[in-house]
1. Please count how many residues of the range 279-299 are farther than 20 Å from Gly266 by Cβ and either of a type in the set (D, E, K, R) or modelled with pLDDT of 70 or more (or both).
2. Out of everything in the range 367-415 that is assigned to a loop (DSSP other than H, G, I, E, B) and modelled with pLDDT under 90, what residue ends up being nearest to Ala428 (Cα to Cα)?
3. Residue by residue through the range 151-174, note down the ones that are out of contact with any strand residue (DSSP E or B) (no Cβ under 7 Å at 6 or more places or on another chain) and either under 18 Å from Glu257 (Cβ atoms) or of a type in the set (Gly, Ala, Ser) (or both).
4. State all residues of the range 91-103 that are over 21 Å from Asp134 (Cβ atoms) and either in a helix (DSSP H, G or I) or not assigned by TED's automatic domain parsing to the domain that holds Val68 (or both); if no residue qualifies, say none.
5. Examine the range 237-246 for a residue that is surrounded by fewer than 20 Cβ atoms within 10 Å (Cβ to Cβ), without any contact (Cβ under 8 Å) to a residue 12 or more places away in the chain, assigned by TED's automatic domain parsing to the domain that holds Ile268 and part of a helix (DSSP H, G or I), and state whether such a residue exists.
6. Filter the range 145-171 for residues that are within 19 Å of Asp122 (Cβ to Cβ) and small (Gly, Ala, Ser) and give the result.
7. Taking the condition of being of a type in the set (Gly, Ala, Ser) and either touching a helix residue (DSSP H, G or I) at 6+ places or on another chain (Cβ under 9 Å) or part of a helix (DSSP H, G or I) (or both), how many residues in the range 257-278 meet it?
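The values are calculated or read from the model by the stated rules, or taken from the named source; none is laboratory data. Here the structure is a predicted model, which means the values were calculated and not measured. Please note: Cβ atoms are built from the backbone with ideal geometry, for glycine as well, and neighbour counts cover all protein chains shown.
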Amino acid sequence: MADDERPFDDDEVMLAPDDGDAPEDGGRPDDRIDDERMDEENTLKPDFVRSVRDALEDGEKGAVYDLVEPLHFADVADLLELLERDERHRLAEAITDLMTSDVVAELNDYVRDEMMEALPADAVAQIAEQLETDDAVQLIEDLNEADQRAILAELDPEDRIAIQTALSYPEETAGRLMSREFVAVPEHITVGDLIDFLRDGRDLPDEFLEVFVVDQRHHPVGTCQLSWILRTPRTIPLGDVMKRDQTLIPATLDQEEVALMFQKYGLISAAVIDEDGRLVGQMTVDDIVHIIAEEAGEDALLMSGAGEGDINEPIREAYSSRVRWLIANLGTALVASFIIALFGAAIEQLVALAVLMPIVASIGGNAGTQTMAVTVRAIAMNQLTRSNTQRILWREFRVAMLNGVTIAVLIGMGTAAIFTPRLGAVIAAAMVINVAVAGLAGVLVPVAFDRLRQDPAVASSVFVTMITDSMGFFAFLGLAVASGVVG
């Protein structure tokens with residue numbers, strides 16, 4: 001169709017730059033993987049990795065290239081992560097033309113940053129230009145400011161502006177993660193006009209799931225899925241078939257909130273808007289999968305105090321992130337030890353107290369961890385809010401009481417049979433008290449952190465453990481003394 005016959009002007013259409021010509025067979029360029037290249041018996045097995053290492057050690061770049069060339073780009077990234085730092089650099093030198101943007105996009109954050117710091121600015125810029133904007137941002141965002149400026153200076157103005165705009169948003173927000181490759185068209189055209197434009201194919205993204213409809217100010221007013229467009233008669237105005245009720249994501253919204261919106265409303269993609277309400281990008285479900293995996297792993301590691309928990313994390317950073325929580329644990333352990341010391345004389349009189357008191361603390365700690373895990377997840381999923389905190393607290397207290405009574409009966413009967421009935425009653429009562437306190441602490445501690453605008457997964461386990469250990473020892477030893485089990 002000639003330019004003067006086009007249904008709308010180019011300045012009315014927001015399109016991302018083309019990332020490359022589509023393959024002739026209509027599939028994605030990197031999705032055509034033959035069985036030989038993905039043969040699990042030959043790729044990334046210990047013998048294969050050893051062969052690559054031996055070839056690198058011998059300086060046989062040709063042999064290294066021949067070994068790596070059949071691999072899928074994701075396997076090349078995995079291979080780089082399996083090697084030592086100096087081996088990675090030698091491998092990158094041996095397979096220069098295989099170090100594509102797809103490989104870089106698949107690399108672990110620490111490995112990618114390490115590789116980028118070793119490359120000159122123009123080489124990094126060349127890789128960034130081949131990536132989608134969101135991947136290019138991830139490539140550059142963790143580098144120091146001097147390296148960022150050097151790389152941005154090498155980029156085309158259009159790419160540079162897009163990346164600088166993304167970097168202006170806070171980390172882990174929709175503005176950082178969104179894709180700027182999308183299609184947006186005016187409302188006044190017909191379905192046939194849109195189909196003709198899409199078939200023309202100039203400057204279209206490689207993949208898109210829906211078309212966004214915008215007004216003259218580029219504010220999104222609706223959306224059309226491709227399936228609707230293909231099943232609608234050509235003469236129907238686009239405004240009659242588009243879905244006006246859509247979920248809009250502010251560019252400054254935290255990625256966890258974005259993931260919750262996708263889950264809650266069953267979204268496949270959604271428009272991202274800036275502070276003026278203009279369409280600036282889109283989030284797609286593949287982005288959300290990465291966010292969910294990242295957040296789930298992050299929360300699990302934070303609850304254990306393991307920091308990033310990445311096996312490629314530098315030793316100094318791993319040490320720094322872990323040792324501070326171990327020091328905090330040391331402090332909380334001293335609190336429990338102080339309580340034990342208060343009852344030192346009672347323990348000397350009855351050795352059975354020393355045998356049994358770790359059981360009370362251990363069961364209480366496990367009960368508190370269970371409740372805390374449920375609470376942290378509920379907070380993260382926005383299921384626990386100010387409006388239902390009391391109900392959840394009462395629910396978890398009742399669950400803790402039932403658990404406490406059940407365990408108390410079992411441990412009480414066993415202790416009575418082995419030692420004395422009175423000691424059995426003491427440990428049973430202490431168990432009920434400690435498990436009940438554990439249930440309350442498992443809710444109140446994460447909620448308190450959340451109210452203070454701190455991540456409830458970060459330090460909840462340290463404080464919950466301190467509370468259950470201290471209360472377990474105090475309840476058991478205190479009841480033993482008060483009941484006359486020891487003089």
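1. Kept after step one, since they are farther than 20 Å from Gly266 by Cβ, are these residues of the range 279-299: 279-281, 294, 297-299.
Now restrict to residues that are either of a type in the set (D, E, K, R) or modelled with pLDDT of 70 or more (or both): 279-281, 294, 298-299.
Qualifying residue count for the region: 6.
2. Going through the qualifying residues, I end up with Leu384.
3. Filtering the range 151-174 down to residues out of contact with any strand residue (DSSP E or B) (no Cβ under 7 Å at 6 or more places or on another chain) leaves 151-171.
If the condition is that a residue be out of contact with any strand residue (DSSP E or B) (no Cβ under 7 Å at 6 or more places or on another chain) and either under 18 Å from Glu257 (Cβ atoms) or of a type in the set (Gly, Ala, Ser) (or both), then Ala153, Ala162, Ala166, Ser168, Tyr169, Pro170, Glu171 are the ones that fit.
4. Listed by number, the residues that qualify are Leu91, Ala92, Glu93, Ala94, Thr96, Asp97, Leu98.
5. Yes, some residue in the range 237-246 is surrounded by fewer than 20 Cβ atoms within 10 Å (Cβ to Cβ), without any contact (Cβ under 8 Å) to a residue 12 or more places away in the chain, assigned by TED's automatic domain parsing to the domain that holds Ile268 and part of a helix (DSSP H, G or I).
6. Passing the criteria: Ala146, Ala150, Ala153, Ala162.
7. From the range 257-278, those of a type in the set (Gly, Ala, Ser) are 259, 266, 269-271, 277; that's our starting set.
Okay, now just the ones that are also either touching a helix residue (DSSP H, G or I) at 6+ places or on another chain (Cβ under 9 Å) or part of a helix (DSSP H, G or I) (or both), so 259, 269-270.
Within the range 257-278, residues that are of a type in the set (Gly, Ala, Ser) and either touching a helix residue (DSSP H, G or I) at 6+ places or on another chain (Cβ under 9 Å) or part of a helix (DSSP H, G or I) (or both) number 3.
Per-residue answers, yes or no, for (1) surrounded by fewer than 21 Cβ atoms within 10 Å (Cβ to Cβ); (2) out of contact with any Leu (no Cβ under 7 Å at 6 or more places or on another chain):
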{"site": "Arg422", "(1), (2)": "yes, yes"}
{"site": "Ala430", "(1), (2)": "no, no"}
{"site": "Ala438", "(1), (2)": "no, yes"}
{"site": "Gly442", "(1), (2)": "no, yes"}
{"site": "Ala448", "(1), (2)": "yes, yes"}
{"site": "Arg451", "(1), (2)": "yes, yes"}
{"site": "Gln454", "(1), (2)": "yes, yes"}
{"site": "Ala457", "(1), (2)": "no, no"}
